[in-house]
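Each remark here refers to the structure printed beneath this line.
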Amino acid sequence: MNQREQMEQRGQWRITVWEEEHFQGKRCEFMLECPNILDRDFQKIRSIKVENGPWVGYEYPEYQGQQFILEKGDYPCYQAWSGNSSYRTEHMLSFRPIKCSNHSDSKITLYECEDMMGRKFEMCDDYPSIQAMGWCSKEVPSIKVNSGAWVGYQFPGYRGYQYIFERDRRQGEYRNYNEFGTQAHSNQIQSMRRIQH
């Protein structure tokens, strides 16, 4: 990739973070991932503005801990990014862009067993309740992302823990819940939606 292409690609993602709530205190703008905000002499991130592209934020450095989807818009305090999660963290310490999102061309397959075995259920739209749409369980043992990027939620109505599933990572294959994220304690997913770009 030449320098011009790199500059064009960088413009696709832009996020500004603040150390305090309501866009106060120390501030920094990013167009690339940040594995550890502490390396930038920040103590924490308490508010965010996403100007371009979707991002995923993490509770801990090096993309560890609870995941939070960050789409275009303002996040003046932690409640704005944790939403209806039963688990709340008051800060983020790392984040990265989601490069494969394509809201108009997203497809994902859920499997009833680990290692993408058993009955499957294909989705290409948002589902506030996958059980209401025909999935017979509160659990999703494995997932294959065929295209795009998705966010799965622990509970119906896009609530609870968030898990980001991307075609560009793991070849789109999530063979068991341990691969959903470092904070995944079970394979309970009850709602899913496409990530906006």
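The values are calculated or read from the model by the stated rules, or taken from the named source; none is laboratory data. The model shown is predicted, which means the values in this text are computed figures rather than measured ones. Positions of Cβ are generated from backbone atoms using ideal geometry, with glycine treated the same way; all protein chains shown enter the neighbour counts. These area figures cover heavy atoms from the full protein model, side chains too; ligands, DNA and RNA do not enter into them. Shrake-Rupley method; radii C 1.70, N 1.55, O 1.52, S 1.80 Å.
For the stretch 27-95, list the strands (runs of 3 or more DSSP E) that sit wholly inside it and hold at least 2 residues that are under 25 Å from GLN12 (Cβ atoms) and open to solvent by 40 Å² or more (accessible area, probe 1.4 Å); which are they? Steps first, please.
Details: elements: 47-52, 55-60, 64-70, 73-75.
Ranges flagged: 47-52.
Does PHE121 satisfy being open to solvent by 10 Å² or more (accessible area, probe 1.4 Å) and outside the structural domain of GLY73 (by the TED database)? Spell out how you get there, then give the answer.
Details: open to solvent by 10 Å² or more (accessible area, probe 1.4 Å): yes; outside the structural domain of GLY73 (by the TED database): yes.
Against the criterion (open to solvent by 10 Å² or more (accessible area, probe 1.4 Å) and outside the structural domain of GLY73 (by the TED database)), PHE121 qualifies.
If you go through the stretch 24-41 and keep only what is of a type outside the set (Val, Ile, Thr) and within 22 Å of the chain's Cα centre (by Cα), you end up with CYS28, GLU29, PHE30, MET31, LEU32, GLU33, CYS34, PRO35, ASN36, LEU38. Give the stretch 138-166 a look and list any residue that's acidic (Asp, Glu) and either under 13 Å from the mean Cα position of the chain (by Cα) or under 16 Å from SER101 (Cβ atoms) (or both), or say none. Once the filter is applied, which keeps residues that are acidic (Asp, Glu) and either under 13 Å from the mean Cα position of the chain (by Cα) or under 16 Å from SER101 (Cβ atoms) (or both), the stretch 138-166 yields only GLU166. Filtering the stretch 105-152 to residues that are among the hydroxyl-bearing types (Ser, Thr, Tyr) and closer than 18 Å to ILE69 by Cβ leaves SER106, TYR127, SER147. The lone criterion from (1) closer than 26 Å to LYS99 by Cα; (2) touching a strand residue (DSSP E or B) at 6+ places or on another chain (Cβ under 7 Å) left unmet by ASP125 is number (2). Selection of the stretch 167-197 for residues being within 16 Å of CYS100 (Cβ to Cβ) and in contact with a Lys or Arg (Cβ under 8 Å, 6 or more places away or on another chain) yields ASP168, GLY172, GLU173, TYR174, GLN196.
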